[in-house]
């Protein structure tokens with residue numbers, strides 16, 4: 001089949017059609033109702049929406065849709081999404097969308113809190129559609145990705161798995177182990193996805209270190225050297241986990257530590 005398609009120069013067209021056909025399943029019925037995937041050029045998928053406000057808001061949230069589409073396709077054939085105004089066929093006799101529960105309404109409002117003026121109603125409708133799409137994916141059994149927190153079949157999602165393997169992200173994670181206060185500046189060099197991936201890697205490394213140090217503290221009878229180092233590493237973990245500088249941490253924040261480290265520190269002095 002591949003040889004036949006290649007001879008007929010159809011294979012590339014079939015590959016591009018995959019993304020267009022997969023779009024409704026990747027984004028869910030609410031977003032699919034507002035959009036129409038038009039064409040794919042190279043690795044860019046072009047999608048049309050009814051108005052400029054919706055196009056702008058969906059563009060700001062495109063990384064969520066791209067992760068879902070990448071996970072569904074199982075490859076990197078689409079690396080960018082472009083939204084523009086164009087004709088989108090109205091669904092005949094479409095039932096009104098279900099009312100959002102209060103927590104989902106609040107989530108949608110947070111997405112458009114920076115939008116002002118006459119664009120706000122259209123942006124809010126798009127935000128509510130995005131929130132329904134996320135809820136739909138969760139209802140299909142998709143769990144939040146441990147890195148980006150977007151619903152995904154894979155854990156982590158395919159897009160985040162690729163980001164976690166980036167050497168620059170790994171170097172940033174090691175730097176965070178020494179200086180967690182670097183975290184707020186990472187998006188400038190790695191983007192939000194890279195910064196979240198570096199934080200995730202650093203936290204996983206710290207979890208292993210904290211368990212080992214807690215065990216050594218128990219074996220040594222709370223020897224001061226081990227306990228002091230455990231406390232230092234615990235502060236790094238909390239700083240990254242809570243996204244706060246170490247100077248702003250308080251004793252009650254230890255509730256967020258892994259169980260073994262928390263128990264050892266709470267049993268000791270200070």
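Data table
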read-out: 0 to 90° range, to nearest 10: angle between helix 167-178 axis and the chain longest Cα axis; value: 30 degrees
read-out: Angle in degrees between helix 102-111 and the longest Cα principal axis of the chain, rounded to the nearest 10; value: 80 degrees
read-out: Per residue Cα convex hull volume in Å³ - calculated over the stretch 184-270; value: 88 Å³
read-out: Whole-angstrom gap from the stretch 12-80 to the stretch 163-182, using each part's C-alpha centre; value: 30 Å
read-out: Per-peptide average of other Cβ atoms within 10 Å, ordering 175-184, 147-156 highest first; value: 147-156, 175-184
read-out: Candidates 251, 109, 50, ranked by Gaussian network fluctuation over the chain, Cα under 10 Å, top entry; value: 251
read-out: Helix-only CD estimate at 222 nm, as mean residue ellipticity for the chain, using -39500 (n - 2.57) per DSSP H run (n ≥ 4); value: -19500 deg cm²/dmol
read-out: Choice from 240, 212, 186 showing the highest fluctuation, given a GNM over the chain with Cα pairs closer than 10 Å; value: 212
read-out: Pairwise Cα inverse-distance average, inverted: Kirkwood Rh of the chain (Å); value: 21.4 Å
read-out: Cβ-based exposure ranking for 136, 142, 23, in which fewest neighbours within 10 Å come first; value: 136, 142, 23
read-out: For the chain, share of DSSP beta bridges that run antiparallel, in % to the nearest 5; value: 55 percent
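Quick note: the coordinates plus some simple rules give every number you see, no bench work behind them. Source: prediction; values computed, not measured. So basically every Cβ, Gly included, is an ideal-geometry build from the backbone, and we count neighbours across all protein chains shown.
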